[in-house]
Amino acid sequence: MGIVSEEAIDEFQELMDQVEEPLKKTYERVHQGYLRENLGRFLKARDWNVCKAHTMLVECLRWRVDNEIDSILSKPIVPTELYRDVRDSQLIGMSGYTKEGLPVFAIGVGLSTFDKASVHYYVQSHIQINEYRDRVLLPSISKKNGRPITTCVKVLDMTGLKLSALSQIKLVTIISTIDDLNYPEKTNTYYVVNAPYIFSACWKVVKPLLQERTRKKVHVLSGCGRDELLKIMDFTSLPHFCRSGSSGSSHHTQSANCFSINHPFHQQLYNYVKHHYETQGQAEPAKQGSFHVGFPEPEAERCVIAKTIESELHKFENRNGLAVSIDDRKSSHETLANGDL
């Protein structure tokens, strides 16, 4: 960091030293002892404007308190069958680490259907993975490596991306907005693999809309990206869809598939959440409603991007004679808005 950056962090830290309870407790959950690195993330997200970064972080802390985010790792998605359904339709997992020690998260963008549970379960699951990453994995990795490791890399598998993605834009926008406002700058690099033409068409029009720091993070790799990714991680850390002979997210055994509920990452995460539930005095998780979280309003840039993607998909489907009826599309959007997929 340069002198200006260090001065900005010092100024920001003085402001945060004055934060009141109960925000102070949840603030400790956020920074996990890595104060300056945490402040740097929020500053970077607001172009090193201390006032804007301070407002952003305080609003994040209020969101956490209002939605009881600190307790979300003691709220298992039950019964197990429902959790399995979420995992089968919201494809995300951790495949390993880069050579620099950063966690590698894989996301099956193209084959995620989000059609087996309400929107609230998908949001709950996503936040739990974020919190487990930030409060368990990253502190452990930092201690092991003897230095702060506060970010991860994500490999986005576009296999199976279809026009049906149109109905998922609202949910994806909710999740990405939560990340933007409350988990800023947690991803070091995005690697896009197995990209079909429909992705290329959308990326061409969306890329100019992104901020420069975001554009620099996104790398669209050729094919499954195996050779490029092996420059930064060992073969054992490659997501299953990037390994030799892969043909997409779905053609692999569960033991190798980091999306599967049987994968060690998901087993460890679920057991961690279940254990913390049990420490509250109950032997088994009772059937409960989903953990409802307030959805923040997306920023203007996010709205423009979502509308641009939607418009591009409409053009694509019309060009290919695959137009969906207005009533069907309206029904799809109303379903998402009501939280029932």
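The values are calculated or read from the model by the stated rules, or taken from the named source; none is laboratory data. In this text the structure is predicted, and so the values were computed from the model without any measurement. Because the Cβ atoms are built from the backbone with ideal geometry, glycine has one as well, and the counts that use them run over all protein chains shown. The accessibility values were calculated without ligands, DNA or RNA, using every heavy atom of the protein model including side chains. Shrake-Rupley method; radii C 1.70, N 1.55, O 1.52, S 1.80 Å.
Check off (1) of a type in the set (A, V, I, L, M); (2) over 20 Å from the mean Cα position of the chain (by Cα); (3) not assigned by the TED database to the domain that holds residue 184 for residue 78 and give me the number that stays unchecked.
Of (1) of a type in the set (A, V, I, L, M); (2) over 20 Å from the mean Cα position of the chain (by Cα); (3) not assigned by the TED database to the domain that holds residue 184, only one is false for residue 78: (3).
Among the numbered criteria (1) modelled with pLDDT of 95 or more; (2) under 26 Å from residue 199 (Cα atoms); (3) open to solvent by 20 Å² or more (accessible area, probe 1.4 Å), which single criterion is violated by residue 113?
Evaluating residue 113 over (1) modelled with pLDDT of 95 or more; (2) under 26 Å from residue 199 (Cα atoms); (3) open to solvent by 20 Å² or more (accessible area, probe 1.4 Å) leaves (1) as the failure.
Return the pairs, sorted by first residue and then second, in which the second residue is modelled with pLDDT under 95 and of a type in the set (Ser, Thr, Tyr), the first residue lies in the stretch 217-235 and is open to solvent by 70 Å² or more (accessible area, probe 1.4 Å), the beta carbons are less than 7 Å apart, and the residues are 6+ apart or on different chains.
The qualifying pairs are 226/244.
Could you say which residue among 18, 13 is over 22 Å from residue 151 (Cα atoms), outside the structural domain of residue 211 (by the TED database) and either of a type in the set (Lys, Arg) or open to solvent by 20 Å² or more (accessible area, probe 1.4 Å) (or both)?
18
Among the residues of the stretch 66-77, is there at least one that is over 18 Å from residue 277 (Cβ atoms), in a helix (DSSP H, G or I) and in contact (Cβ under 8 Å) with a residue 12 or more places away in the chain?
yes
Testing residue 118 on (1) polar (S, T, N, Q); (2) in contact with an Asp or Glu (Cβ under 7 Å, 6 or more places away or on another chain); (3) at pLDDT 95 or above, one condition comes back false. Which one is that?
So the condition that residue 118 fails would be (3).
Out of all the residues in the stretch 116-133, is one or more acidic (Asp, Glu) and in contact with a Ser or Thr (Cβ under 8 Å, 6 or more places away or on another chain)?
Among the residues of the stretch 116-133, not one is acidic (Asp, Glu) and in contact with a Ser or Thr (Cβ under 8 Å, 6 or more places away or on another chain), which makes the answer no.
Quick test of your reading of the structure: residue 274 fulfils all but one of (1) out of contact with any Leu (no Cβ under 7 Å at 6 or more places or on another chain); (2) at pLDDT 65 or above; (3) assigned to a loop (DSSP other than H, G, I, E, B). Name the failing condition by number.
All conditions pass for residue 274, except number (3).
Count, please, the residues in the stretch 91-102 that happen to be buried (at least 23 other Cβ atoms within 10 Å of the Cβ), assigned to a strand (DSSP E or B) and hydrophobic (A, V, I, L, M, F, W, C).
Of the residues in that region, 1 qualify.
Looking only at helices (runs of 4 or more DSSP H) that fall completely inside the stretch 117-199, which ones have 2 or more residues that are acidic (Asp, Glu), over 30 Å from residue 25 (Cβ atoms) and not assigned by the TED database to the domain that holds residue 238?
none
Would you please name the residue that is modelled with the lowest pLDDT, looking only at residues in the stretch 135-185 that are within 16 Å of residue 115 (Cβ to Cβ) and charged (D, E, K, R)?
Step by step, filter the stretch 135-185, then rank; the result is 162.
All but one of (1) open to solvent by less than 70 Å² (accessible area, probe 1.4 Å); (2) in a helix (DSSP H, G or I); (3) within 26 Å of residue 292 (Cβ to Cβ) hold for residue 105; state the number of the condition that does not hold.
Every condition holds for residue 105 apart from (2).
Against the condition surrounded by fewer than 22 Cβ atoms within 10 Å (Cβ to Cβ) and in contact with a Cys (Cβ under 9 Å, 6 or more places away or on another chain), how does residue 163 come out, does it pass?
no
So, in the stretch 167-200, of the ones that are open to solvent by 30 Å² or more (accessible area, probe 1.4 Å) and in contact with an Asp or Glu (Cβ under 8 Å, 6 or more places away or on another chain), which residue ends up farthest from residue 231 (Cα to Cα)?
By that ranking, first place goes to 181.
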